[in-house]
1. Would you work out the relative contact order for the stretch B:101-249, in percent, from Cα pairs under 8 angstrom that are 6 or more residues apart?
2. Hey, can you grab everything whose amide H is under 5 Å from the amide H of A:A53? Only 5+ residues off in sequence or another chain; H modelled, so Pro and N-termini drop out.
3. Could you work out how far the C-alpha centroid of the stretch A:1-69 sits from that of the stretch B:171-249, in angstrom?
4. Once the mean 1/r over all distinct Cα pairs of chain A is inverted, what Kirkwood radius in angstroms do you read off?
5. Within 10 Å of each residue's Cβ, count the other Cβ atoms and sort B:L128, B:L22 from fewest upward.
6. Can you name the helices of chain B, as whole DSSP H runs, whose Cα span along the helix axis is 30 Å or more and whose Kyte-Doolittle mean is not below 0.0?
7. If only Cα atoms are counted, what is the Rg of the protein assembly as shown, and what is its Dmax, in Å?
8. For the stretch A:54-93, list residues with backbone N below 20 Å from a point placed 7 Å from the Cα of B:N147 toward its Cβ?
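Just so you know, all these numbers are worked out from the coordinates, no wet-lab data involved. Bear in mind the structure is a predicted one, so any value in this text is a computation, not a measurement. Note that we place each Cβ from the backbone using ideal geometry, even for glycine, and neighbour counts take in every protein chain shown.
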Amino acid sequence: MEANENQGPLWEVFIQNKPGQPFKHAGSIHAYDKEMAIENARDVYTRRNEGIALWVVPSNAIVAVSASESSSFFEPADDKVYRHPTFYDLPDGVKQM
Amino acid sequence: MDDQVKYYLEIADNAFILSHRLSENSSKGPFLEEDLACTNVALDLIGLAESIYNEAARIENKGKSGDDLAYRRAENEYYNALLLEQPNKDFAFIMVRQFFADTFNYYLLTEFASSTDTFLQEVATKSLKEVTYHIRRSSEWMLRFGNGTETSKKKAQNAIDSLWRYTDELFEPSEADLNLRDRNISIDLEVVKSNWNQKVNEILYLSHLSKPENQFQLKGGKTGVHSEHMGFLLAEMQFLTNKYPEAKW
């Protein structure tokens, strides 16, 4: 079997490892269609009990900030420590902050 | 040979020989994701085979281990159906073989839920989760082949035409199988056959693929009479145990 250059479009894989937790980006895979994408994601990224739920998203559906825009997007937050909730005492019941 | 041991070996050999064929494809898949997926299926099948070999060795009680049964038998002592030993020709061929086998496994394991043999019942319950996924994957590949390009459709149809002759044997009960029917240990392959046909008809219809007109059928695997490919398969599969009989890992 010859290696095929056309492996289908790229998909991004997100895994949730416990109920209620956010989905985390795990990596990407190639697939021709939705069914194949979710199966490939399962076979590549969840073989060792990594999760209980799975999302795949076409990579080209993701809107990203380009590297050149990074400074204007994120650096203004650098000197604004007052936006961190570190000046408050968290109640004991609050988890995952 | 004890009927129950023979019956167990038929089931385990089917899984084991197919898993070996799939393992031959490891690192040769059409692309990385599919390569891993095939290897995953191979591992699931080895798991199924291993538990049945271990139990067969225990029932046989002749001092053999499950590994001995898996690796130290002569060609005519393997009882897998001919379909499973057919060599990997191309990806369509591998997937069509897999689709036929997955569909068979799915309905076979489903039937074991009503077996009086609690071991087979347990193994089936565990494996059915895996096989439900296998049949989903291979069915989707059939649809993709048939509704894909002219080439993919042609390759899938060629594979169906050359593998169809091995499908009847899956449903032909062996002597051991029939002997175990009274006690409801073995299950009725006629039921499996009718479910298998229904599923295969449905998927072929949706894929715009067809069964061959030639209905000629080959059989022999279940009685230990194999195709010419089996010797080569075993030579490679048993190489390590033959060369290093004491090897442990």
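1. Worked out over the stretch B:101-249, it gives 29 percent.
2. Amide H to amide H, under 5 Å and 5 or more residues apart or across chains, A:A53 pairs with A:Q16.
3. Computed from Cα coordinates, the inter-centre distance equals 35 Å.
4. Averaging 1/r across every pair of different Cα atoms and inverting gives 16.9 Å.
5. Fewest to most other Cβ atoms nearby, the residues stand as B:L128, B:L22.
6. Both cut-offs are met by B:32-60, B:91-112.
7. That works out to 24.7, 82 Å for Rg and Dmax.
8. Taking a point 7 Å out along Cα→Cβ of B:N147, the residues of the stretch A:54-93 whose backbone N falls under 20 Å are A:58.
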